[in-house]
Every structure is written in structure tokens, then in C-alpha cells.
Amino acid sequence: MELLEFICSTTYFTFDGMIMQQKFETAMGSPVSAVIANFYMEKLERKALQTAPAVCRPKIRKRYVDDVLDIIKKIRSRTSLIT
């Protein structure tokens, strides 16, 4: 965690001829950005799928980086979601 914190807090870039430091989050294009994004998406997806009503859970779910394809059953009325 200390190494990850160091990597995320030592990003420098130039803007308008000045060298600046990014204070928080990771820079787009940084090798670590994709890894952090994938960890976050895995946790978010797991929680969403575990807490979703059974009728809303996808039959097929595919994800590639930030593109998601879900195939779910069509629900005819909102009252079918109420238990």
C-alpha cells in the first residue's frame, strides 16, 4: 500500500510551460491506473450483483476494461420487483 500511495502521489506533468504535481488519484495513461480501475470495478460489480434482485441479475455478463455487456430478462412490470 505504501508503494501504491507513493506511485499515486508522485506524478508530475507540464502545463503551460510549468512543471506541476498531481495531488490525488492516478494519471490517465499511467501503467498503474488500469490496475487500480480493474480492482475497483471488480469490487463494485461483485457488490452490485450480490445485492441485485434475482430478476435483475444478468444471464450473461462480459466486461473489457470499461465496456460492459449485460443480458438480462425483460421485466414486464415494476410490481414484479416488489417482494
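The table below lists the values:
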item	result
Count of residues meeting criterion [without any contact (Cβ under 8 Å) to a residue 24 or more places away in the chain, assigned to a helix (DSSP H, G or I) and either under 10 Å from the mean Cα position of the chain (by Cα) or surrounded by 12 or more Cβ atoms within 10 Å (Cβ to Cβ) (or both)] in segment 39-56	7
Tally, over segment 1-38, of residues that are surrounded by 12 or more Cβ atoms within 10 Å (Cβ to Cβ), small (G, A, S) and closer than 30 Å to K62 by Cβ	5
Hits in segment 57-83 (condition: surrounded by 10 or more Cβ atoms within 10 Å (Cβ to Cβ), of a type in the set (A, V, I, L, M) and modelled with pLDDT under 85)	V68, I72, I75, L81
Residue selected from segment 15-56 under the condition of a type in the set (D, E) and more than 21 Å from E5 (Cβ to Cβ), by the criterion modelled with the lowest pLDDT	E45
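The values are calculated or read from the model by the stated rules, or taken from the named source; none is laboratory data. Nothing here was measured: the structure is a model prediction, and the numbers come from that model. As a convention, Cβ positions derive from the backbone with ideal geometry for all residues, glycine included, and neighbour counts pool all protein chains shown.
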